[in-house]
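A quick write-up on the structure given underneath.
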Amino acid sequence: MRKNQTSMTAIGIAIVRGIESEKPEGERICYDPYARQFTGGFLYNFVRFFDKLGYSERKGPGVMGFLTVRERHIDEFLKGQLQAGAGQVVILGAGLDARAYRFDELKKIRVFEVDHPASQASKKEKVKRIFGELPAHVTYVSIDFNLESLEQRLTESDYDKSLKTLFIWQGVTQYLMPEAVDSTLAFIARHSPAGSSVIFDYMYPTLLDGTIKRGEVNNMRSKRWASGEMLVFGIPEGTATAYLEQRGFIDVKDADSKFLHDAYFHGKNASRTVAHGYAIASAMVK
Ligand SMILES: C[S@@+](CC[C@H](N)C(=O)[O-])C[C@H]1O[C@@H](n2cnc3c(N)ncnc32)[C@H](O)[C@@H]1O
């Protein structure tokens, strides 16, 4: 990412959440009442207009579907981990993620929003505008994952190594160097107690290297001069369990596009698709 540039992809993803959230309660897959306020008027309406014309689905079939079920799948995991006693939540590459503000249960514990300094500065301005102030239960930690260690940045904050912790890493790993993904996972495995957990989505390298040709990937590549967010990291299909076990995790669940479709797209949503090549892994700390 560029030093002074807020994440464009974070805005795009929040717009997708906002569009889904406009649907009736029984139909929408995820609900983020703040997404629209976080993204502002013109761009939101522009993307929404073209989405209604079917442009997003033509450009990247199943991508809106993936982004929607990803939000829901991670919400479900979060609820499960809170019930299982998670005492703090760390949101890595938080962007415009609104979980800290839309889950009442999270207001009773500490939430860490960890993000690139430029993205975080603009998020904090938006939070102040929407809620009047920065909420006391959120600690904002700035980091460049490719240049700084999570260990240093979190241990300088009020992160409590003794609490069972959930780490959410949504929509970020593909932009990082493999070493940055490794060191972040190593921090989680070493500095959170047994029963802590991590959930993150990732792409298959066959998408990144163009073996599988997809419009939205070409689009992201051609726009990287503007966004500064390069597509770098992937995990080969079917290998996430071994990848995480080698890094000290247990009870790995690897949710691929078929699993996610079958879990969330029923009834009115049955004809929606989830793009192949995107998956979500979750695991527990031993
Ligand atoms: C696609 S957005 C996802 C935002 C949010 N997690 C969501 O799902 O709505 C990618 C996020 O990763 C962050 N990011 C990308 N590269 C980063 C880096 N090298 N260091 C820190 N954060 C980074 C961006 O600032 C941005 O917030």
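The values are calculated or read from the model by the stated rules, or taken from the named source; none is laboratory data. Keep in mind the model is a prediction, meaning the values are calculated, not measured. So basically every Cβ, Gly included, is an ideal-geometry build from the backbone, and we count neighbours across all protein chains shown. For accessibility, only protein heavy atoms count, side chains too; no ligands or nucleic acids. Shrake-Rupley method; radii C 1.70, N 1.55, O 1.52, S 1.80 Å.
Based on the alpha-carbon set only, what is the convex hull volume of region 175-286 divided per residue, in Å³?
124 Å³
Could you check how much of the accessible area of the chain is carbon and sulfur, as a whole percent, using a 1.4 Å probe?
Accessible surface attributable to carbon and sulfur in the chain totals 55 percent.
Rounded if a/c is under 1.5, else prolate if a/b beats b/c, else oblate: with a ≥ b ≥ c from the C-alpha gyration tensor eigenvalues square-rooted, which is region 110-216?
Oblate is the answer for region 110-216, as a/c is 1.5 or above yet b/c matches or exceeds a/b.
Measuring from centroid to centroid over Cα atoms, what is the spacing of region 84-125 and region 160-182 in Å?
Cα centroid to Cα centroid, the span is 13 Å.
Where only protein heavy atoms count, and the probe is 1.4 Å, what is the accessible area per residue for region 146-205 in Å²?
Counting only protein heavy atoms, the per-residue value for region 146-205 is 37 Å².
Projected onto the charge dipole of the chain (+1 at Lys/Arg Cβ, -1 at Asp/Glu Cβ, origin at the Cα centre), which of 40, 100, 222 gives the Cα projection farthest towards the positive end?
40
Return the calculated 222 nm mean residue ellipticity for the chain, to the nearest 500 deg cm²/dmol, obtained by summing -39500 (n - 2.57) across DSSP H runs with n ≥ 4 and dividing by the residue count.
-12500 deg cm²/dmol
Counting only DSSP beta bridges with both residues in the chain, tell me the antiparallel percent, nearest 5.
Of those bridges, close to 40 percent are antiparallel.
Give me the orientation-averaged projected area of the Cα convex hull of the chain, in nm², one decimal.
For the Cα atoms of the chain, the hull's average projected area reads 13.9 nm².
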